[in-house]
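Participant: Take a look at the following structure, please.
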Amino acid sequence: MTDRDIDEPMQRMVGRSAGNRITFSASGVALAQGARWNDAMHRLPTGEVHCIPRGVYRYPSHEAADRHLSQCLAARMAEIARGTDRD
């Protein structure tokens, strides 16, 4: 590891959001903003219904994991198309 590696930031900023500063006292504005964001995420089509059944999955390869994800997504899309979705 060189000095250059240590001085460079680990992540880069993408976008224009400055985020919220960490302060000693709580901010009601930040709390309300977080609550609105959370509500918006739950209004998305996949906010409460997931296409992959719960559980712990171990795959022999990334290809097997991708294949399982594709099968689960296809099954979920078929449920929505048939009108038997779980929403």
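Any read-out appearing in this document is the output of simple, stated calculations on the displayed coordinates, not a laboratory observation. Note that this is a predicted model, so its numbers are computed, not measured. Glycine also receives a Cβ, built like all others from the backbone with ideal geometry; neighbour counts cover every protein chain displayed.
Participant: Order the peptides 57-63, 78-84 from the highest to the lowest mean number of other Cβ atoms within 10 Å of their residues.
Facilitator: In descending order of packing, they fall as 78-84, 57-63.
Participant: A further question follows. Nothing charged except the Cβ atoms of Lys and Arg (+1) and of Asp and Glu (-1): what's the magnitude of the dipole of the stretch 21-82 about its Cα centre? Round to the nearest 20 debye.
Facilitator: Values: 8 positive and 5 negative charges, 16 e Å.
Charge dipole, the stretch 21-82, about its Cα centre: 80 debye, nearest 20.
Participant: Which of rounded, prolate, oblate describes the stretch 21-82, given a ≥ b ≥ c as roots of the alpha-carbon gyration tensor eigenvalues and a/c under 1.5 marking rounded, otherwise prolate only if a/b is larger than b/c?
Facilitator: Oblate, because a/c is 1.5 or more while a/b does not exceed b/c.
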